[in-house]
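The values are calculated or read from the model by the stated rules, or taken from the named source; none is laboratory data. Everything numeric here is computed off the predicted structure, so don't read it as measured data. All Cβ positions, glycine included, derive from the backbone under ideal geometry; neighbour counts span all protein chains shown.
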């Protein structure tokens, strides 16, 4: 799997491999055999992370949709070659990033005479940017729903605890405790984004 | 407190600032910035799952459209080169032939024109009514000229009359000059062949007054 060096030798900052991948070995085996239910399970687990990477790279929802579709089509085609011992998450991230870049490259603007084509100047997204997006999104997806909602409201919507409490119709103390729990999980799971730059073994 | 509790508090907008070293706070600020990015909270549209399972050909829809455009332009350029310059008059002839065919074959709407004459109390007035059958009833478009605008407390009312009685088809005041007056009849013109316009008093009875200003007869529905 993609090894992430957090500098924490105790391993307490890591989610287990099973949790990180979120897909059990039987499903991976079924995926390699071309099973559609396994592909559906993989989609359910990772489509949001793939989408986030695609949208980060492409900054366009229509293109992100194309890239997400292309990612899972490539997964379907190449699932047979997936090594069961390979890190599924890293493998998928790599396909997602390549798919997004390919979609970006295909943005061809035809010239009026129909003979030549001008390529839009594209800037290749950094590997780290896609990787970081993937890490954060998969961590967010692993939060319990009631905690994820609070984190979303506080960060994306910039709502105060009191506003969140009013909207969710729960006490402010409950908002605070959910927020504290969620941020502790995130701080633990995403520690490698804080300690030092990631080292990705391929 | 442990390091990750400190980091959690730093990340948590509602918690107190634990006072971290600059390197850590900078990294956590960057992480917090990412958490405020909508790309990290959105997901793919629901129908995409089925498309994935159906094995839809991955296509960048924009490029697909552009590919089609490019192909069409190339095809057009090839045809143009093959035809040379004489294709223009041929194309013009084809278009003209198509227009003539459309003009000849196009089904005409069932429209009847009726001329309305001014009566003794409005001798300078006249109108042409165009009657068209519509799914909802008989549309009557009245082009009026020479008619004075309705006085204060008055209005014009249009009616159709036949052996079965009189049916109102609309009212207007004609205070802002010309322009068509659109009226509607819910009865068949063939059974109510007379079309006339009266001056009515606001608050008066909902029957035609004696003050007829325009009158005409529908000869064919």
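Exactly one residue out of A:157, A:147 is surrounded by 14 or more Cβ atoms within 10 Å (Cβ to Cβ), under 17 Å from residue B:35 (Cβ atoms) and more than 16 Å from the chain's Cα centre (by Cα): that is A:147.
Scanning the stretch A:30-64 for residues that are touching a residue at least 40 places away in the same chain (Cβ under 8 Å), more than 14 Å from residue B:41 (Cα to Cα) and facing chain B (nearest Cβ under 8 Å) yields a count of 2. Taking (1) under 22 Å from residue B:112 (Cα atoms); (2) not in a strand (DSSP E or B) in turn, residue B:167 satisfies each apart from (2). Take the residues in the stretch A:86-103 that are over 19 Å from residue A:41 (Cβ atoms) and more than 9 Å from every other protein chain (Cβ to nearest Cβ); name whichever of them is modelled with the lowest pLDDT. Filtering first and then ranking leaves A:101. Does residue A:137 satisfy the condition of being surrounded by fewer than 19 Cβ atoms within 10 Å (Cβ to Cβ), modelled with pLDDT of 90 or more and touching a helix residue (DSSP H, G or I) at 6+ places or on another chain (Cβ under 9 Å)? Spelling it out, it is not the case that residue A:137 is surrounded by fewer than 19 Cβ atoms within 10 Å (Cβ to Cβ), modelled with pLDDT of 90 or more and touching a helix residue (DSSP H, G or I) at 6+ places or on another chain (Cβ under 9 Å).
Inspect the stretch B:21-28 for any residue being exposed (fewer than 15 other Cβ atoms within 10 Å of the Cβ) and within 7 Å of chain A (Cβ to nearest Cβ) and give the result as yes or no. No, the conditions are met nowhere in the stretch B:21-28. Taking residues in the stretch A:121-135 that are more than 10 Å from every other protein chain (Cβ to nearest Cβ), and partners anywhere that are at pLDDT below 55, the pairs with Cβ atoms closer than 8 Å and at least 6 places apart or on different chains are A:127/A:200; A:128/A:197; A:128/A:198; A:131/A:198; A:131/A:200. In the stretch B:1-94, counting only helices (runs of 4 or more DSSP H) that sit wholly within it, the ones holding 1 or more residues that are modelled with pLDDT under 75 and under 52 Å from the mean Cα position of the chain (by Cα) span B:61-83.
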